[in-house]
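Asker: Here it is, the structure, as structure tokens.
The values are calculated or read from the model by the stated rules, or taken from the named source; none is laboratory data. In this text, all values refer to a predicted model and were calculated from it rather than measured experimentally. Neighbour counts run over all protein chains shown; Cβ positions are idealised from the backbone, glycine included. SASA here: full protein model, heavy atoms, side chains in, ligands and nucleic acids out. Shrake-Rupley method; radii C 1.70, N 1.55, O 1.52, S 1.80 Å.
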Amino acid sequence: MAVLREDKSIAGFERVAVVLSGGGALGAYQAGALAALDNAGFQPHWVAGTSTGAFNAAIVAGNAPRQRVSQLRNFWRRLAAFAAKEPPPSILGRAFRRLSGFHRDLVIGERPFAEAAWQALPAIDTGKLRSLLAEVIDFPRINSGKVRLSLGAVHLTTGTEIIFDNDRHIIAPEHVLASAALPAGLAPVTIDGELYGNGGVIAVTPLPVLLDSASPADTLCFVIDCCDPSSPGSPGLSRASQQIAAYRRRHDLRRIIGVLGDKIPAELQRDPEIRGCLAQGSRATMNLVHLVHESDAADLVGKVADFSPAAMARRWRAGERDMVASLGRSAWLTPPPRRVGVVVHELRGGAQIGSP
């Protein structure tokens, strides 16, 4: 576990975490939100990402606070400049044909959307992208552990989800590329002789792994989704809402165990069986702020593939707007009472959804 910094980013919280999902060109929204977070003086202790989110996460972890915004801008400006217009059927078509039906379903996720996105996503020169990542990211800084970084990917031979983490891996450009490979127009990446790629065109956030593997600490967590259009009866493409609800139930249960533990006499707490049960409890709390850029499925494929400068600028501004709105809601940033495990706040397309 990465050591928490003593200079807390905000009074009342021991940890600030940021979780970033995928979404192709819509990742500029995340970059704008991260810029607003940085400008407000919030310094995350832990960033996690997959697919497009892996690029943004690695840039945050791999730069000093004063350099993050400029490097995010630099990355998205230059990525848009060399993103090609035609899909790469020769390289990626062969890669997809190597996968079994089961693994293919895992990689492309919801088939109708994914197949359309597969045809629309631009080809990206892997060599240029690797060079760009090496330019805008200080990998020695990442591997120093100043900020914990977790990157989601899939082992393509077995279909197993894996997290590359600077707490136990030496992170290189290949680990970042592996999180975006296949659906984002990139060839699979070989690391230590094994083939890795992305988990989906609209990648699922690594939220459960990040939160469940964390040591108990009062946490402010921002989950930033590029897009999550949900229809009735559908979990949505990113499934972040499902994951948040499941985590909330689990953590609230751990809080209940923690509260009950406080009521049990000391002599009973020494019983090995009871002590084992109480070890599952937690007294930590969490404020979770969920930002969703695109909630409308209309022309989502085109948006995911649109790397035009105008689209990049528009999404960046939307990310800044939504993050500023979130930081302006004092109740959202106030630690919840000890009897509450997780409080969730949500903005979709700039509109607040429900109440905690």
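Asker: Name, by its number, the condition in (1) at pLDDT below 85; (2) part of a loop (DSSP other than H, G, I, E, B) that does not hold for Phe307.
Answerer: Single failed check for Phe307: (1).
Asker: Taking the stretch 215-258 only, how many residues are modelled with pLDDT of 70 or more and not in a helix (DSSP H, G or I)?
Answerer: Going through the stretch 215-258 one residue at a time, the tally reaches 14.
Asker: I need the helices (runs of 4 or more DSSP H) fully contained in the stretch 1-111, keeping only those with at least 1 residues that are small (Gly, Ala, Ser) and modelled with pLDDT under 90. It would help to see each step written out before you state the result.
Answerer: Numbers: elements: 27-39, 52-61, 65-82, 89-97, 101-108.
So the answer is 65-82, 89-97, 101-108.
Asker: Please work out if Ala180 is modelled with pLDDT of 90 or more, at negative phi and open to solvent by less than 60 Å² (accessible area, probe 1.4 Å).
Answerer: Numbers: modelled with pLDDT of 90 or more: no; at negative phi: yes; open to solvent by less than 60 Å² (accessible area, probe 1.4 Å): yes.
So Ala180 does not fit the description; no.
Asker: Residue by residue through the stretch 326-356, note down the ones that are open to solvent by less than 40 Å² (accessible area, probe 1.4 Å) and assigned to a strand (DSSP E or B).
Answerer: Those that are open to solvent by less than 40 Å² (accessible area, probe 1.4 Å) and assigned to a strand (DSSP E or B): Val342, Val343, Val344, His345, Glu346, Leu347.
Asker: Between a first residue in the stretch 12-27 that is of a type outside the set (A, V, I, L, M, F, W, C) and a second residue that is at pLDDT 90 or above and part of a loop (DSSP other than H, G, I, E, B), which pairs have beta carbons less than 8 Å apart while being 6 or more apart in sequence or on different chains?
Answerer: Arg15/His45
Asker: Let me ask another. Read through the list (1) under 23 Å from Leu72 (Cα atoms); (2) surrounded by 13 or more Cβ atoms within 10 Å (Cβ to Cβ), then give the number of the only condition that Ala310 fails.
Answerer: With (1) under 23 Å from Leu72 (Cα atoms); (2) surrounded by 13 or more Cβ atoms within 10 Å (Cβ to Cβ) applied to Ala310, the lone miss is (2).
Asker: Scan (1) open to solvent by 10 Å² or more (accessible area, probe 1.4 Å); (2) at pLDDT below 75; (3) at negative phi for the single condition Asn198 breaks and write down its number.
Answerer: Here Asn198 clears every test but (1).
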